[in-house]
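The values are calculated or read from the model by the stated rules, or taken from the named source; none is laboratory data. Since we're looking at a predicted model, the values are computed, not measured. Here Cβ is always computed from backbone atoms with ideal geometry, including for glycine, and neighbour counts include all displayed protein chains.
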C-alpha cells in the first residue's frame, strides 16, 4: 500500500516531458502516446480510447483519450499451464528435451477448488430450477468454468515515460477475480518481480494487477532496435531481389531504381519503425508477461 | 430455419459492488424496493465468438454519467433495476418465477402503450436481485434479461456489403434511448416512433438493430424483444439489418409464424455451470482494507 501511494505521488509530481526520444531511449512523450494509441485503435478496433472520471483526468492528455482499453479478452489457460506445455517441446543445444516440471501446473487448479468448496455449497443452496420455463436458446449451454476474461488498460506513466498496463480480471461468471487469482495469469518470470497490486489511477475503486514500468523503456529499446534491424534486413533482401530482376529486365525503368538503392539512408531505416507503432510492439512484449490472455497482437506492425 | 439468439452474459465490476455498499449504508438502508440503474453494452469492441455482454460499474447508479467516458458510438446504455434484499433468507424466499413474470408483463405493457416505441432502449432492460453481506464483502446477485418470445422463420440471410452513412451516423450520434433500434426508410435510419404513423394495415417493415456480439447468424438475445414488439404491432414480415461495428453486418428476412401458443417469458441468467442460480462475488480480497494491506507488502 505504501509503495503504491509513493508511486502515485511520484506520478503526480513528475511533469510530462515532450521531446521525442523513442528510438534512442525506448521512452515516449504523451503526444506520442496519443499518436500510438490512435494507430492501435485504428488497426485493432477491439482497442478503444476511454475518458477518465473528472477527479482522475490528466490535463496533458485529451479528455476523451486518457487511457486505452480492450474488454473481455478471453483467457482459457493459466500462465503456469501454458508455460509447461511450451517447455515440453523445448530442446536444448545438444538436442536433449528438457523435462522440467510438466506437471507442476496441474496443482494450481485443485488448490482453489477446496478453498471454494464451502462457497459452492452456499451458492448451490440458492439454485432455483423452477425460476423460468425452458428457454429454447439455452439448450446447448457450453460449460467453460475455467475460462476467464480480462479488461486490459494502457495508461501513460509520466514517471517512466512509457505506457503502463493494468489488468482487471473476471471469472467465467463475469465476477471480479481476486489479485491472487489474477497473478495466476502472469508468467512466472515476472510474477514476483515486476507485477504489483494497484488501485487503477483512472477508475473509481478498481483493484488491478499492474506490470510495473521500471524496465519497460529498456525492453522497448531492445525490441525497437530488433524490429529496425529486421526491417533493414528485409529491405536489403528486397533490394537484392530488385537488383536481380533489374539484371534480367534491361529495358525497364531500372536506372532510376538503381540510383535510389544507393541512397538507402539511415533516415529510411529509422522511418520503418514509426512511433505510432510503439504500442503494437509494446503489446507483443506484454504477451510474454501474460501468455494465456489472448488479446489480438497478431498483426505485423511493419 | 428458426431464428435463434446468443444468450447475454453479465459482467459486474468491483466498483459496482463498492458503490452498492456505500449506497446501502448511506441511502438505501433497509429499503428493499427496486432502484433504477443503467448498464453498458459494448458495440465497438466486441470480442470474436463471445456472447453479448452487459456490464455494470459504479457509474451505473448515476443519472447521466454512465457511458460518458466511452468514445463516441462505442456503447449502448440500457436501463435496469436492482432490488437489494436485507437478508439471504429474503433473497431465497423471493418467488423467482413470479418476479420474472412480473418483469415480463411490465415489458409487455410498455410495448402495448407505446413507451417502448418512444424509448426502444426499454426493450433491452434488465433486473438484478442482490444480497450484500457487507461484513464479509460478499455479494449474491442474479441478473435477469426479461425476454418475451415470438416465433420467427428466417427466409433468407444476406451480407451487407457497406453500411450506409446514415446508419453509421445514427449509431454514432443518436442518443442512447434510440441508438440500438430504428427504422430504415429510403435507405436512411429514422426513429422507431415512426411506427405509430404507419397505416394500420401495414404488415411488413424494414428495421435496424445494433448487435453486440459477433457470433455468426445468432444475434444478441436483445433482438428478441424488438421482434416481439413488432409482432405485437401486427407485423408479419420483417427485414432486419443486423449491424455489427467490428464484424460483418447482415440482413435477415423474417416471417412471423403464429404457432398458437402464448408467448414465453424467460431471462434469468445461468451460472457458468449452466444452472439457474445466483452468482457470488467475494470481494474481500479486493476491497477489505485489512486484506489489501496484507497483499501490498
*Members of region B:229-280 found to be part of a strand (DSSP E or B), facing another protein chain (nearest Cβ under 7 Å) and farther than 27 Å from residue B:110 by Cβ, listed by number*: B:279, B:280
*Pick from region B:74-99 the residues that are in a loop (DSSP other than H, G, I, E, B) and more than 10 Å from chain A (Cβ to nearest Cβ): which of them is surrounded by the most Cβ atoms within 10 Å (Cβ to Cβ)?*
B:86
*From the list B:127, B:50, which residue is touching a helix residue (DSSP H, G or I) at 6+ places or on another chain (Cβ under 6 Å) and within 14 Å of another protein chain (Cβ to nearest Cβ)?*
B:127
*Hey, residue B:210 hits all of (1) within 18 Å of residue B:155 (Cβ to Cβ); (2) in contact (Cβ under 8 Å) with a residue 60 or more places away in the chain; (3) in contact with a strand residue (DSSP E or B) (Cβ under 6 Å, 6 or more places away or on another chain) but one; which does it fall short on?*
(1)
*Of the conditions (1) within 30 Å of residue B:90 (Cβ to Cβ); (2) part of a helix (DSSP H, G or I); (3) at pLDDT 90 or above, residue A:174 fails just one. Which one is it?*
(2)
*Output the qualifying pairs, or none if there are none: Cβ atoms under 6 angstrom, residues six or more apart or on different chains, first residue in region B:14-43 and away from chain A (no Cβ under 11 Å) and at negative phi, second residue part of a helix (DSSP H, G or I) and surrounded by 17 or more Cβ atoms within 10 Å (Cβ to Cβ).*
B:37/B:60; B:37/B:61; B:38/B:60
